[in-house]
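The values are calculated or read from the model by the stated rules, or taken from the named source; none is laboratory data. Not measured: the values here are computed from a predicted model. Note that each Cβ is placed from the backbone with ideal geometry, even for glycine, and that neighbours are counted across all protein chains shown.
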Amino acid sequence: MMKLFDSHCHLQDQRISNVVPKLITTALDNGIVYFAVNGTSEKDWPKVKEMSDSYPCILPSFGIHPLWVTKRTPSWFSTLKNYFKANPCAAVGEIGLDKGTRGKKVDFADQIEVFQPVSVHCVRAFGDLLPVMKSLGPFPAGVILHSYLGSAEMVPEFAKLGAYFSFSGYLMSLKESKAKKMLKSVPADRILLETDAPDGLPKSDNLESLFYIEKDSSHPEDHNAQVQNAAPVEGSSSDSTCCDAKNSSAVPNETLNHPANIKTVLAYVASLLDVNQEELADITYENASRLFSYEGSKLIL
Ligand SMILES: [Zn+2]
């Protein structure tokens, strides 16, 4: 079976906390070997640590997402440093720049001071990110530009600084010709795949090929919200990720992404690159394994 590496996801997310053991089992059964789980705020760091302690397949990262920058406590940085001290297997992430939120600029430099690979989130701000990275870089330990949607032209500049380019279902939001040109500009030793689960649900013409997350019946208010947005899937596959339609508390949640959907991302990226899926799975697995094999990592090559 192909081995896959989810280079960026958020399996600690409370929206999936009741079903996450099942999601992980299904993903492992589908060939996903490692999950780089990124903390996004001080609040979810304990959960990321707990998951890392319980699952050898979970590689923890701690950071503050631009969305949560303004919510950080005065002691955030010392707490973060303590997390790295107590968890030498951890990487840095998720941090970044996002023009779509209030947190326009994070304490990027502070967070980058630790030397593990960094998972960087960037929305409509690649033009701003490049000078920031140039001033702080190069990054010999590597930087993941997660869900990369920047231009083909910027790829060599970022690559020179040590960047890896990680692709998720969001790639499908780009025009195919643009995505293809950009993908082809990425050096083979810098390409990664990810899900950003439980966000980033890929589009698919074949809904049966997607894995869905069951609704968590313990959150009735979410349940009602979902019922309004979600149309039931006709004839969805009956494997373990899908619901038992007779049980209304287990209708698939079509807004949330399952980590096993990395297979749909793999298929899409492979088709744009004109390579076969096995070949791309091997390359991306090897790249991620190299990147995550730093000192102290759970994954020493
Ligand atoms: Zn993320």
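Table for the structure above
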| item | result |
| --- | --- |
| Unique residue being within 25 Å of H8 (Cβ to Cβ) and modelled with pLDDT under 70 when the list is S271, S240 | S240 |
| Only listed residue being within 16 Å of the ligand (Cβ to nearest atom), at pLDDT below 90 and β-branched (V, I, T), chosen from V92, V114, V69 | V69 |
| Index of the failed condition, Y148 passing every other in (1) buried (at least 18 other Cβ atoms within 10 Å of the Cβ); (2) more than 16 Å from the ligand (Cβ to nearest atom) | (2) |
| Filtered residues of segment 202-215 (kept if buried (at least 20 other Cβ atoms within 10 Å of the Cβ) and over 19 Å from G31 (Cβ atoms)) | E214, K215 |
| Segment 159-169: number of residues that are away from the ligand (no atom under 16 Å from the Cβ) and part of a helix (DSSP H, G or I) | 2 |
| Segment 11-33 - residue that is under 14 Å from the mean Cα position of the chain (by Cα) and within 16 Å of the ligand (Cβ to nearest atom) and, of those, nearest to S209 (Cα to Cα) | L11 |
| Criterion: away from the ligand (no atom under 16 Å from the Cβ) and not in a helix (DSSP H, G or I) - qualifying residue of P140, P156, P198, P131 | P140 |
| Exclusive hit being polar (S, T, N, Q), touching a residue at least 12 places away in the same chain (Cβ under 8 Å) and away from the ligand (no atom under 16 Å from the Cβ), set S75, S41, S52, S61 | S52 |
| Selected residue [at positive phi and touching a strand residue (DSSP E or B) at 6+ places or on another chain (Cβ under 7 Å)] from G31, G39 | G31 |
| Members of segment 170-195 found to be among the acidic types (D, E) and in a helix (DSSP H, G or I), listed by number | E176, D189 |
| Residues of segment 270-293 satisfying the condition of being under 23 Å from L23 (Cα atoms) and buried (at least 23 other Cβ atoms within 10 Å of the Cβ) | T284, A288, F292 |
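For (1) in contact with a Gly (Cβ under 9 Å, 6 or more places away or on another chain); (2) farther than 28 Å from P140 by Cβ, each residue gets a yes or a no:
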{"residue": "N38", "(1), (2)": "yes, no"}
{"residue": "Y55", "(1), (2)": "no, yes"}
{"residue": "L67", "(1), (2)": "yes, yes"}
{"residue": "T70", "(1), (2)": "yes, yes"}
{"residue": "L80", "(1), (2)": "yes, no"}
{"residue": "F84", "(1), (2)": "no, no"}
{"residue": "V92", "(1), (2)": "yes, no"}
{"residue": "I95", "(1), (2)": "yes, no"}
{"residue": "K99", "(1), (2)": "no, yes"}
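The rows are residues; the columns are (1) modelled with pLDDT of 95 or more; (2) polar (S, T, N, Q); (3) at negative phi.
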| residue | (1), (2), (3) |
| --- | --- |
| F126 | no, no, yes |
| L130 | no, no, yes |
| K134 | no, no, yes |
| L145 | yes, no, yes |
| A159 | yes, no, yes |
| A163 | yes, no, yes |
| S168 | yes, yes, yes |
| L171 | yes, no, yes |
| I191 | yes, no, yes |
